[in-house]
1. If you scan the stretch A:180-202, which residues turn out to be more than 16 Å from ligand 2 (Cβ to nearest atom), without any contact (Cβ under 8 Å) to a residue 40 or more places away in the chain and in a helix (DSSP H, G or I)?
2. Please state which one of C:184, C:205, C:246, C:167 is surrounded by 21 or more Cβ atoms within 10 Å (Cβ to Cβ) and away from chain E (no Cβ under 14 Å).
3. Quick check: anything in the stretch C:57-70 in contact with a strand residue (DSSP E or B) (Cβ under 8 Å, 6 or more places away or on another chain), buried (at least 24 other Cβ atoms within 10 Å of the Cβ), facing chain B (nearest Cβ under 8 Å) and without any contact (Cβ under 8 Å) to a residue 60 or more places away in the chain?
4. Going residue by residue through the stretch E:252-274, is there one that turns out to be part of a loop (DSSP other than H, G, I, E, B) and within 14 Å of chain C (Cβ to nearest Cβ)?
5. Could you look through the stretch A:6-45, keep only residues that are in a loop (DSSP other than H, G, I, E, B) and either facing another protein chain (nearest Cβ under 8 Å) or within 9 Å of ligand 1 (Cβ to nearest atom) (or both), and pick out the one that is surrounded by the fewest Cβ atoms within 10 Å (Cβ to Cβ)?
6. Take the stretch A:74-93 and flag every residue that is away from ligand 3 (no atom under 16 Å from the Cβ), more than 8 Å from chain B (Cβ to nearest Cβ) and crowded, with 21+ Cβ neighbours inside 10 Å.
7. Which count do you get for residues in the stretch E:221-251 that are more than 10 Å from chain C (Cβ to nearest Cβ) and either over 19 Å from the mean Cα position of the chain (by Cα) or assigned to a helix (DSSP H, G or I) (or both)?
8. Can you tell me how many residues within the stretch D:76-90 are more than 8 Å from chain E (Cβ to nearest Cβ) and part of a loop (DSSP other than H, G, I, E, B)?
Ligand SMILES: Nc1ncnc2c1ncn2[C@@H]1O[C@H](COP(=O)(O)OP(=O)(O)OP(=O)(O)O)[C@@H](O)[C@H]1O
Ligand SMILES: Nc1ncnc2c1ncn2[C@@H]1O[C@H](COP(=O)(O)OP(=O)(O)OP(=O)(O)O)[C@@H](O)[C@H]1O
Ligand SMILES: [Mg+2]
Ligand SMILES: [Mg+2]
């Protein structure tokens, strides 16, 4: 479904992504782990087209999309959430979701009718709002909801484009334990054929939802395999996990 | 995102009746002033459309209006084609020019966008100023008004022309509302609030910007064609950047992003200007101070101020309403 | 008073030409004051600010005509404004005394029996200078002017007569109007062109910058500077300072013209304002005089004023003035003068008085005014 | 050392804190816990003078706390916001250098060298733009920056958000070190284990008020409180 | 064209002189505008005030009195503006700032007219800088050389302060996020006050330096505003490098445009501006971030 071949990216002298090749099957849920600064977010940016790789290619559903701009890739079913909230701050939760749904439904540039009033758009908004537990706040503006809720909306907006492939950048960071659990349920309720790539620092969640795990370190894929294997991996423990509880 | 609140409907109704009253009772100079307000109102609606709802603060809308005026004049006077066709041509041409400007400037933001549009405006100004076919600095005269004789209307009569402009403004306002409520308008609002996210959702951002800028340009072109007919004489001064600057002042004075506000602003500005210039030649000073005062009051222009007061009362009445008024942003994850 | 004449004064009191508007108004008031007792008519003046914006000016003109119902209008500084109000004035049949705007068309193709010009026309002030300059032995000239209609007409007027006299134009530049900060590049061009002299038209702020920069490059000695007299107008020659010394220009009025009428005028004007009168002041002064002459001839309303104004003729500070009935333009002598250092500040020495010439008709077809 | 009594505050018309009171003692670590949206960050912002105090009182060292953030900082309080707020147009080095100053803290001197020892990762990125850092690196930078102010009271809003466990552990150790050096701290955290292992005292905030107060040991045992107020 | 080398040297000096004049003007604007994110459209009016103060002071005590005191006087106006208006406007968006300073243009324009009248004032170059020197094979006015040297000197001084001292970084931090900067113990208010006043003083300096070259009229501020904005937008906001690059580009394009393509002189610079913004939407050397 989503594949990268030998992706490379440097910022000046900093080599951030090194020869990354990944392959996600349809419906696969893969979690990316890695220490801070390993290049996870950068990989996402390369996948969706916000950055252009120095070399290598990105393939979506079998097609080379490396040359396509962000918007074209998105229309082909690639959607992402951001590590740092990237929302429509002055608008309400409903409008945030509606804008995303409208693009998906193809009403975003129509001149003759209101995209947000379309039944199919409203339907998506309702569903997604339920999924991310924001129904009670549907009319609140982004600036009026707490940070945690905004994190959920961040995922919601990505979901509202009804993607084929969903990339989530630390969806639960800044979200309390209760909502974290809710997020777990959310993932379980998503269609099984949705391909997902998740960056996550919450190990419990990661091992719980992942079909496969990729570990990045200094921009390089240092582990690629099943969660069980990852759990036992000494390397992972060394570079990433540790545990303050052991202290 | 654009909404028509009760207050906005009330204001619109009030403005319309005032305009109608004025149109039927005013003496000669009153009609002149009314027409001036109506044409300026069209221009500022066009500007509010892009600036207030798309974050595209344009400093070339005066020039676009000038393009409309010159296009109308060239087609109707120089080429001798019927005014109706000339008007349609002016609107189409200005729209096309605006679309191109919008497309080219779509990558710029903030002050850079302002300056990029200014550059295009100034290019048009210099060109018109220096091209002999446009009469240079001396301008062009003898501009005919639209012939609505078949409807029994003589637009050469000031009253009829004022009413005609009022009708045109009504149509323009309606069109602006339709645009803002359309999918395109909604997407525009998304682009204004977060362009990056809109792109990530799959929207071709530059197209949306260019399309709305083009539509706004068509309105400016219409205003230009009407301005040419109103004054029956045009000169390059019409395209000067100060005209765009003044339009921007009017939009802010009235209330950016409210669509109704700019109408109020246009009336307030023109009336203020006329009243003051009758009293003192230093009226710019007063206008400047008023402008500073309005902006400093932190309200979103005159209409924004009214809306805030009205909104507060509404809030009190609907104490249990979930909607709260806009909070201040402090250290947000912006 | 037997008749009340309502006068609309249409001038820029703000914007770039505010100084001109103020001078014209001062001259006009002085004229009314001085000659007012010669007529039984009483004048009521309504003043409106045109801001040098044609649409604004047109609005104000309409107000004066339709609402204030003035009998006559006086003023108009810029040609653009004159172009804008022309049809209105002509259509409404309100006489207009033009107190500055010099575009040739206003008394040419766009002439009107209701528009009488008491100031000058662009060609008129420059044409005699072409012949005169050639007569001084200048063969090759480089010209400079701002790139707008008036600039081109002024230069064209000069070029016509200069080449007709046998002179050669070795180069021309039209600089972007009111956008040129630095004339250096053009001056270097002129210097490199091999011309004997430079002939320019600049006015206002541009004139000041130009004269100063011309002097700072030390061009005045090798490449004498000539021009239309606006270049060193009394209104702003002080701001040019010593840089203006020795510049020779031609205009229809110089404050130091030696005749009794001018002496009286200059004294009165200086007494009233503390300044030396400029050509703009004399436009206003003579406009008032013309108005009074017209009422003396019995004119009482718009039509009769229009007719009477066209026949006005008198001896004023500028010498003998008359209106050419074919165009309604003023016929007046032109003075060539040099700016020189005087006892207190700069003053003007008249080098030559060139005889009055009628402008060519330029396509003017004058419709008669029916009473 | 810091005493908050009956504080009401919020954003514009929206009131978030309704008479919140808590106290932080010198040399101790206070953890503020609570669900998303409970008002934890709002409390911190009010202390820092970023939000206006509508009623109530905040005393620092027995004196009313100044109203402006600049004066609050000068009186010896350093703040690491949840959004980190790294200056994007400054390089990492500049981000650190401009805060290197002393406002009379009595803890050991923090210098550029010492913070780079603490976060070696930052040393490798000294000339990068502030926001070119990864999320975790930005968190380190924000803490480093606050330490360079040599504060007497360090306020941290969710210091572990978005950090890899190994970094969390490292930060835990470093904060523990700071604590044993006698630095007073207030920490807002979602990470219950992290917070309770570091803190001496705990308050739990719910709906703009303090709903539970006690020691870290107490809350670790109080499953009811954990469940009701934290959803753990 | 059959011009000799001297001609081109002369034109290059002309271009340099215009560039430096614009640099003096735009640097104040870019300092305020880029560092404080404050859009001060009234910068041109401050420049005009500099020229007027200069002319008035010079009438009393000669050019040098004007040269040194006019910037101080304009900085004084800056103090008034800052405490009255700007301080309260800093946190509002750029739109509000554009508008307030647009209002200021109107107000200051009329105030200059009320105080100094509509007539142009004189300010002549001092005797010391009068006349011409032979330079690189051409005769060139000393005053113009003075402008070039002064521009370069100011450039050097600012490059040092902004690049080599922490003050520059602190200012930028305050620009990025003034609330956070204040939380870190930076006195943002005072810093901005100083920056604003320095920017105003630079505008005043530009005014008094330009006056002997140009004319001192009420409109001079409005006429220079657009070129100044073009300069900083081409160069990129908030960076010294941008201001100097933008000024040079403007100066050279304008000067050589006038020589080589006079018909296009008035459009050239706008076309260039548009082209730059299409290729680099934030100018050539924008401030980092
Ligand atoms: N635009 C940029 N210019 C220069 N360096 C960059 C840029 N963006 C990221 N980097 C660097 O690339 C590295 C990887 O950053 P990235 O954001 O991908 O990390 P990450 O794995 O997402 O980390 P975290 O878990 O902390 O978010 C970091 O060291 C960062 O400093
Ligand atoms: N800028 C704002 N404007 C209006 N309301 C706000 C704003 N920021 C926060 N709030 C509201 O204030 C309440 C408390 O928010 P606060 O950020 O203090 O929560 P928190 O306890 O820090 O939660 P989290 O763990 O999610 O960060 C929330 O209900 C939120 O909706
Ligand atoms: Mg990341
Ligand atoms: Mg929080």
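1. Hits for the stretch A:180-202 are A:184, A:185, A:188.
2. On inspection, the qualifying residue turns out to be C:167.
3. Within the stretch C:57-70, one or more residues are in contact with a strand residue (DSSP E or B) (Cβ under 8 Å, 6 or more places away or on another chain), buried (at least 24 other Cβ atoms within 10 Å of the Cβ), facing chain B (nearest Cβ under 8 Å) and without any contact (Cβ under 8 Å) to a residue 60 or more places away in the chain.
4. Yes, the stretch E:252-274 contains a residue that is part of a loop (DSSP other than H, G, I, E, B) and within 14 Å of chain C (Cβ to nearest Cβ).
5. That would be A:12.
6. Matches in the stretch A:74-93: A:78, A:93.
7. 21
8. Qualifying residue count for the region: 5.
The values are calculated or read from the model by the stated rules, or taken from the named source; none is laboratory data. Predicted model, so just to flag it, every value in this text is computed and none were measured. Cβ sites come from the backbone with ideal geometry, for glycine too, and all protein chains shown count toward neighbours.
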